[in-house]
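The values are calculated or read from the model by the stated rules, or taken from the named source; none is laboratory data. Note that this is a predicted model, so its numbers are computed, not measured. Don't worry about glycine lacking a Cβ; one is built from the backbone with ideal geometry, like all the others, and counts go over all protein chains shown.
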Amino acid sequence: TRTLTFLGLESSCDDTAAAVVRMEATGPRILASVVAGQTALHAPYGGVVPEIAARAHAEKLDLCVEEALAEAGVTLADLDGVAVTAGPGLIGGVMSGVMCAKGIAAGAGLPLVGVNHLAGHALTPQLTEGLAFPYLLLLVSGGHCQFLIAHGPEDFTRLGGTIDDAPGEAFDKTAKLLGLPQPGGPAVEAEAMSGDPKAVHFPRPLLDRPGCDMSFSGLKTALLRARDAEVAEHGGLRRQARRDLCAGFQAAVTDVLAEKSRRALREYLAHAPEHPAFAVAGGVAANATIRTRLEQVAAEFGATFAAPPLKLCTDNAAMIAYAGIARFEAGAQDGMDLSARPRWPL
Ligand code: KG4
Ligand code: ZN
């Protein structure tokens with residue numbers, strides 16, 4: 001395989017990102033990865049506002065691209081292609097990215113490759129840890145939660161997933177209900193560190209049912225009830241009570257993910273006993289408690305555990321550039337009619 005250098009763009013949620021990844025004989029190398037978050041813009045609304053996100057992406061993409069190229073020490077002339085998230089995600093943001101990528105590709109005469117955002121996350125363990133196919137992947141983010149067997153860059157089998165909220169979404173809602181800042185994941189994790197996970201009981205939804213499907217919306221109801229009881233009794237949410245609620249919530253999510261991972265691993269290993277490998281990806285994989293527990297589960301099965309560095313667990317464009325290279329190497333390329341897709345299952 002010859003050396004390929006791709007620019008990647010990501011704008012499907014609330015991070016504007018550009019990256020340059022080079023595929024060398026020895027494997028992929030990230031030359032630059034720039035991520036401009038929009039947390040402050042959405043903070044007053046307690047959640048991501050699609051219109052605000054789309055406008056911010058449109059404003060920031062060019063700057064991110066310039067910064068990534070400069071950091072990588074390359075110009076457009078050094079590139080072999082442009083990869084962009086074409087979905088799934090917030091349509092306005094995805095459109096901003098696709099238009100920007102088309103402009104660059106047309107202007108510089110470069111191939112354009114549309115990438116599924118989920119494939120980007122799913123291939124990250126390969127980009128960062130050099131994990132070979134096949135492997136079992138748990139993708140856990142703000143919008144997604146599913147077990148996938150990754151057979152190849154565009155070949156995934158879904159074993160199960162959430163039937164309602166994604167865990168990241170549940171972390172974000174928990175933070176909102178407890179008056180913590182967004183994104184909720186890191187805030188709840190920090191509070192949970194000094195909380196007692198057993199102080200308040202949270203359910204472990206769907207553990208009594210076979211299979212790998214999960215449910216997290218019930219945790220929100222349990223949290224709301226416990227919070228209201230606390231407020232009614234003490235006239236407000238005491239500091240320690242908040243920590244305990246965060247710890248209890250996080251422990252429930254962790255237990256569910258761990259048990260369902262066991263089931264998924266059993267199913268995966270029945271198919272591919274010669275490749276015992278379990279990888280996690282997506283923003284929630286940045287959670288230390290969850291990560292450690294999943295690592296223990298992998299060890300129970302004698303499976304290799306691969307978790308990307310925190311920065312590459314959350315949304316970024318390096319994963320998009322890499323997934324773009326993988327598609328391109330497999331012969332795929334898109335035309336100027338590439339469209340943004342709000343929904344796009346793997
Ligand atoms: O993958 P990602 O950046 O965006 C997508 O959803 O595609 O994931 C963001 C999600 C947010 O819901 C955020 O609260 C969650 O990942 N997250 C965490 C942590 N860091 C980010 N959840 C739990 N613990 C964390 N440390
Ligand atoms: Zn994501």
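Details
- Search result, residues across region 108-119 that are touching a residue at least 12 places away in the same chain (Cβ under 8 Å) and away from ligand 1 (no atom under 16 Å from the Cβ): A108, L110, P111, L112, V113, G114
- Number of residues in region 22-74 that are of a type in the set (V, I, T), under 25 Å from G103 (Cα atoms) and in contact (Cβ under 8 Å) with a residue 40 or more places away in the chain: the value is 5.
- Take the conditions (1) of a type in the set (G, A, S); (2) farther than 15 Å from C145 by Cα; (3) crowded, with 24+ Cβ neighbours inside 10 Å; A270 misses just one of them, which is (3).
- Taking helices (runs of 4 or more DSSP H) as the structural unit, those lying wholly within region 203-322 and holding at least 1 residues that are closer than 25 Å to R29 by Cα correspond to 288-300, 310-313.
Matching residues to (1) touching a strand residue (DSSP E or B) at 6+ places or on another chain (Cβ under 7 Å); (2) within 12 Å of ligand 2 (Cβ to nearest atom); (3) of a type in the set (A, V, I, L, M); (4) not assigned by TED's automatic domain parsing to the domain that holds G120:
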| site | (1), (2), (3), (4) |
| --- | --- |
| L136 | yes, no, yes, yes |
| C145 | yes, yes, no, yes |
| A150 | yes, no, yes, yes |
| D155 | no, no, no, yes |
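- Unmet requirement for F328, which otherwise passes all of (1) within 22 Å of I149 (Cβ to Cβ); (2) in contact (Cβ under 8 Å) with a residue 40 or more places away in the chain; (3) more than 16 Å from ligand 2 (Cβ to nearest atom): (1)
- The sole residue among E267, E295 that is among the acidic types (D, E), under 15 Å from L139 (Cα atoms) and not assigned by TED's automatic domain parsing to the domain that holds R29 is E295.
- Counting only residues that are away from ligand 1 (no atom under 12 Å from the Cβ) and surrounded by 24 or more Cβ atoms within 10 Å (Cβ to Cβ), region 278-293 holds 2 of them.
- When restricted to residues that are in a helix (DSSP H, G or I) and surrounded by 15 or more Cβ atoms within 10 Å (Cβ to Cβ), region 323-335 contains 6.
- Answer residue from region 298-308, given it is in contact with a helix residue (DSSP H, G or I) (Cβ under 8 Å, 6 or more places away or on another chain) and farther than 15 Å from L138 by Cα and is surrounded by the fewest Cβ atoms within 10 Å (Cβ to Cβ) among those: E300
- Every condition in (1) surrounded by fewer than 17 Cβ atoms within 10 Å (Cβ to Cβ); (2) in contact (Cβ under 8 Å) with a residue 60 or more places away in the chain; (3) part of a loop (DSSP other than H, G, I, E, B) is met by L338 except one, and the failing one is (1).
- Hits in region 188-225 - residues which are of a type in the set (A, V, I, L, M) and surrounded by fewer than 20 Cβ atoms within 10 Å (Cβ to Cβ): A190, M193, A199, L207, A222, L224
- Options P44, P50, P134: the member that is more than 20 Å from the chain's Cα centre (by Cα), more than 15 Å from C313 (Cα to Cα) and surrounded by fewer than 22 Cβ atoms within 10 Å (Cβ to Cβ): P44
- Against the numbered list (1) in contact with a Pro (Cβ under 9 Å, 6 or more places away or on another chain); (2) in a helix (DSSP H, G or I); (3) away from ligand 1 (no atom under 16 Å from the Cβ), K102 comes up short only at (1).
- Residue within region 285-302 that is within 16 Å of ligand 2 (Cβ to nearest atom), in contact (Cβ under 8 Å) with a residue 60 or more places away in the chain and either at positive phi or in contact with an Asp or Glu (Cβ under 7 Å, 6 or more places away or on another chain) (or both) present: yes
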